[in-house]
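Taken together, the values in this text are just the output of simple stated rules run on the coordinates, not laboratory data. Just so we're clear, the structure is a prediction, and the values are computed from it rather than from any experiment. Neighbour counts run over all protein chains shown; Cβ positions are idealised from the backbone, glycine included.
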Amino acid sequence: MKDLKIPITRSYQEYLIESLKKSPEEAAAYMVGVFEEKNPEPELVPMVLKDLIEAFGKSNSQEKLDELLSRCGTGTEISAFVEALKILGFGLEIKVKNDVNQKY
């Protein structure tokens, strides 16, 4: 009998991070999706931010990103802000910067 090689599957998380890295536009849409839900789940905001940090965070900015993520809390505040914008007839746009390497 021949040696069979069992395919090794990647985890969904690995696939997600790899996909986000390949397409900043997809990453932006991923974040927008959290806010466009009819019944938003605020607890998803920090999870999505964590995924984006994993995909795009540079080693020299990791500490600052971790600090910002910890201040995000449960995401309730951000979700309330977005909901208030919707009620007032406004929206929030998340887009890819022209110069993604620009520092703030």
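For segment 77-91, filtering for residues that are surrounded by 13 or more Cβ atoms within 10 Å (Cβ to Cβ) and among the β-branched types (V, I, T) leaves 2.
Of a type outside the set (G, A, S), surrounded by fewer than 12 Cβ atoms within 10 Å (Cβ to Cβ), out of contact with any strand residue (DSSP E or B) (no Cβ under 7 Å at 6 or more places or on another chain) and under 20 Å from Q13 (Cα atoms), is that true of K38?
On the way: of a type outside the set (G, A, S): yes; surrounded by fewer than 12 Cβ atoms within 10 Å (Cβ to Cβ): yes; out of contact with any strand residue (DSSP E or B) (no Cβ under 7 Å at 6 or more places or on another chain): yes; under 20 Å from Q13 (Cα atoms): no.
Judged against the criteria, K38 is not a match.
Can you find even one residue in segment 35-44 that is closer than 18 Å to P24 by Cα and either part of a helix (DSSP H, G or I) or hydrophobic (A, V, I, L, M, F, W, C) (or both)? Reasoning before the result, please.
Kept after step one, since they are closer than 18 Å to P24 by Cα, are these residues of segment 35-44: 35.
Keeping just the survivors that are either part of a helix (DSSP H, G or I) or hydrophobic (A, V, I, L, M, F, W, C) (or both) gives 35.
Yes, because at least one residue in segment 35-44 is closer than 18 Å to P24 by Cα and either part of a helix (DSSP H, G or I) or hydrophobic (A, V, I, L, M, F, W, C) (or both).
Scanning segment 46-97 for residues that are outside any helix (DSSP H, G or I) and polar (S, T, N, Q) yields a total of 1.
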